[in-house]
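Some notes on the structure that comes next.
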Amino acid sequence: MKTTFLNEAVHIAVEPRSAAGGWHLLQGSLRRQGGAYDARLYFDGATSSSSAGHVSVATSAKGMVNDLLWLPAGVQALRLDIGDAPVHELGAMRIRPVGSLERRWRMAQRVLAALWQQPAAKRHRLGLTWPRFFSDLAAAYELATRLRAHAPAPSYPDWIRRFDTLSDADRQAMRRQVASAQDAPFFHVLLAGAEGLARERSFASLQAQLHPRHRVTPWDPGSADAAAVLRDFNAVLGGADAGQWVLLLRAGDELPAHALFWFAHEALRRPDACMLYADEDEIDGEGQRRNPRFKPAWSWAHARSTRFFGEAVVLKAHALARAGGLEPDDARHGCYGAVLRVLDTVREEPGLHVAHIPSVLLHRGAVNPESADPWALNAVRAHLARRGAGSTVEPVRAGCWRVRHPLPAQPPLVSIIVPTRDALAITRLCIESVRRHTRYPRYEILLVDNQSVDADALAWMRSQQDAGLVRLLRYDAPFNYAAINNMAVQEAAGQLVCLLNNDTEVMEPGWLEEMVSHALQPGVDVVGAKLLYPNGLVQHGGDLVGVGGVANHAHAFLKSDDPGYCDRAVVAQEYSAVTAACMLTWRNRYLALGGLDAANLPVAFNDVDYCLRVRDAGGRVAWTPHAVLVHHESISRGKDLTRQQLRRAKREAAWMRRRWQHVLGRDPFYNPNLSHERPDFSLSHAPVVDKPWTS
């Protein structure tokens, strides 16, 4: 393999008989390691900045290139440009002409695989249908290629054109539903900002709403009657019924025509909700949309760490009134403080009263998030004070902060479980790093020996036990990661257990304090850490379920301090799963759920399965970037390379797909408008979003 760095182009020779043009087969390997995937093949003299004279190159999950391309006549050379990805591994690339029979056979293979394997809703959104397979095989092949693991994502303007533009039929369907609706929700809109062109644009978008039940109150914070206007607005909320909602806009913000319709539909569908939020983007003075923010499901940890839910928010009017109504800072800076106050008044679990709509329902005008940072930080401090738990908050970067939850005077005992077989050097590094760098006052180390035979390793383990530094357990059976940990948890003395791979290395003293502090939060049953490769790039930033396969790590190959998509790589939040390479969980919950599945998942995915069972039982899975370890991945056990190992891996993946079929396609913490083919938060070629006017 050759490593090709940023902006280094690769030239590929073509056969003389290719000068006539026609269909060709490009084969080779191109493995991506971080950055956006945008590999392109340029013809003959076309520049990398030109949109003409090139084709995109897609690869499989393993980086294999096997694409049919149409080359124009006269091509004498090709140039492969890998775009902005920092590192690629490039294998030998070759291209040759193909005849009609081979071309059709190869096209049919790819299209049929997509037709059989992809969900019907996804195929429909993409336009990949059986009739198209029979009538236009080349077009069907191009669509199926978009579903390769690494295919260039659509641009945002192209995505808007294909998936976020209302047709006449859409508008007619919404008008029919509005005309027949009973007890439709009513929206009180407070529009903040002085008179001018920006406010006029906001007014115009409200007048164009397909849901007509709303009233707009202009609020100019610099006017003499600003206090009176806000007081009167809050007075109206005090008499509102359950069907009335509040929306805050600032001059320059625009709503798409279907925004209030979709909010109203969700309000009727979720009568228990006191808050609804949607995705959003920005819009400039020329009406051009940019910088979309496709959001995950609600998470308290996430909400305390950044304003992730943004400004596309409606609050139930009587709930807002009960929380004291709107304050001047809410109207000036946004709804963040109002949301925290409303949810602090909910007696039951607040997450049950929040719903997310996976659609862009707000186009933000002039955006300067840093200007609101001091106010937002104060809003979090006030929220934490209302909760009375003694938690504190500090800034991390613009728009992001870290909440520190105090530990009790007698923190719970943590049993750190480290399985090993031989591998003396790496296991010793792990154990010594735990002892050297862990500030948490109450922990024990359970070192589990799985049939070690190396004399030096056995002697070192005995010395650690004799010195009282570890409790040494023996698992005398073939390797089964799940069974090894299940046995150890039975023997653990701690209220909390930390599953820790022997190929990890603790780097800073606060890692376990941080994880325990999250585990002590209401409803949190599992906590994961941020894991780095030895070169400092991110290895694990939470697990995305069903994305790119059964499960994949979020933010892989980012730099350690890279904020990632919408700052998600640097703030605490919930995920559907985290890796057991470093996983903290309550021992009683672990035992109640039967631990890891040793029968069906002896090696892979048992951590994901456990997290999903925790969530099914009503628990939460938290991830924190403030507990950082290095993961020397698979040094001890190695990769799955033998035929037996590969068969076992396929069995475990197939079992997960059967068991969690209803979850794998709809991870609530990964927006359905984002790519399901790879876990990099790029735009999807076929977003599976149910639009209420089509049901």
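The values are calculated or read from the model by the stated rules, or taken from the named source; none is laboratory data. Remember, it's a predicted structure, so these values are computed and weren't measured experimentally. Every residue, glycine as well, gets a Cβ built from its backbone with ideal geometry; the counts of neighbours run over all protein chains shown. Ligands, DNA and RNA are excluded from the accessible area calculation, which covers all protein heavy atoms including side chains. Shrake-Rupley method; radii C 1.70, N 1.55, O 1.52, S 1.80 Å.
Carbon-plus-sulfur fraction of the accessible area of the chain, 1.4 Å probe, in percent?
It is 52 percent, rounded to a whole number.
Local charge sum around L612 (other residues, Cβ-Cβ under 15 Å, Lys/Arg +1, Asp/Glu -1)?
Value of the local net charge: -1.
Taking the Cα atoms of the chain alone, what are Rg (to one decimal) and Dmax (as a whole number) in Å?
27.6, 84
What FRET efficiency comes out for the pair S155/V689, r = Cβ-Cβ distance, R0 = 25 Å, nearest 0.05?
Rounded to the nearest 0.05, the efficiency is 0.85.
Report the gain in length on full extension from R435 to W375: 0.36 nm times residue separation, minus Cα-Cα distance, nm rounded to one decimal.
Value of the extension gain: 17.5 nm.
Could you give the nm distance between label points at Q288 and Q76, where each point is 7 Å from its Cα heading toward the beta carbon?
Using points 7 Å along Cα→Cβ, the separation is 3.7 nm.
Across the chain, how many lysine pairs separated by 8 or more positions, or lying on different chains, have Cα atoms within less than 26 Å?
Counting lysine pairs in the chain gives 20.
If I stretch the segment between T217 and E195 completely, what's the gain in nm (0.36 nm per residue apart, minus their alpha carbon distance), one decimal?
6.7 nm
Between D241 and Q495, what length in nm is gained on full extension when 0.36 nm per residue of separation is reduced by their alpha carbon distance?
86.8 nm
What accessible area per residue comes out for the chain, rounded to a whole number of Å², with a 1.4 Å probe?
42 Å²
Taking the Cα centre of the chain as origin, work out the dipole magnitude from +1 charges on Lys and Arg Cβ and -1 charges on Asp and Glu Cβ, in debye rounded to 20.
1720 debye
Which residues' amide hydrogens lie under 5 Å from the amide hydrogen of V396, considering only partners 5 or more residues apart or on another chain, with H built in the peptide plane?
W401, R402
Net charge around R199, counting only other residues with Cβ within less than 13 Å of its Cβ (Lys, Arg = +1; Asp, Glu = -1)?
-3
In whole Hz, with x marking every Gly and Pro, tabulate ³J(HN,Hα) for the stretch 191-206 from phi via Karplus 6.51 cos²θ - 1.76 cosθ + 1.60, θ = phi - 60°.
Values per residue, Gly and Pro as x: 9, 8, x, 6, 4, x, 4, 4, 5, 5, 5, 5, 4, 4, 5, 6 Hz.
With both partners inside the chain, how many of the DSSP beta bridges are antiparallel, as a percent to the nearest 5?
60 percent
Grab the other residues whose beta carbon is less than 15 angstrom from that of A331, score K and R as +1, D and E as -1, and report the net.
With Lys, Arg at +1 and Asp, Glu at -1, the net is -3.
Can you figure out the FRET efficiency of R474 with S560, using R₀ = 30 Å and their beta-carbon distance, to the nearest 0.05?
Rounded to the nearest 0.05, the efficiency is 0.20.
Quote the FRET efficiency, to the nearest 0.05, computed for D616 versus R270 with a Förster distance R0 of 30 Å and r equal to the Cβ-Cβ distance.
Calculated transfer efficiency: 0.90.
If I model a spin label at A398 and A224 as a point 7 Å from the Cα along the Cα→Cβ vector, what separation in nanometres do I get?
My value for the distance between the label points is 3.8 nm.
Suppose each label sits 7 Å from its Cα in the direction of the beta carbon; what would the R387-L166 distance come out to in nanometres?
Distance between the two pseudo-spin positions: 3.9 nm.
At 222 nm, what helix-only mean residue ellipticity would the chain give, in deg cm²/dmol to the nearest 500, using -39500 (n - 2.57) for each DSSP H run of four or more?
Result for the chain, helices only: -9500 deg cm²/dmol.
Quick query: amide H of T217 versus all other amide H atoms, modeled in the peptide plane; which residues come in under 5 Å with a sequence gap of 5 or more or a different chain?
Those qualifying (amide H under 5 Å, at least 5 residues apart or on another chain) are V189, L190, L191.
Using the Karplus equation 6.51 cos²θ - 1.76 cosθ + 1.60 (θ = phi - 60°), what ³J(HN,Hα) coupling, rounded to whole Hz, does each residue of the stretch 572-586 give in order, writing x for Gly and Pro?
5, 5, 9, 10, 6, 7, 9, 7, 7, 4, 8, 10, 9, 8, 6
Applying the Karplus parametrisation 6.51 cos²θ - 1.76 cosθ + 1.60 with θ = phi - 60° to the phi angles of the stretch 596-608, what ³J(HN,Hα) value in whole Hz is obtained for each residue in order, glycine and proline being reported as x?
Values, residue by residue: 6, 7, 6, 7, 9, 9, x, 10, 9, 6, 5, 5, 5 Hz.
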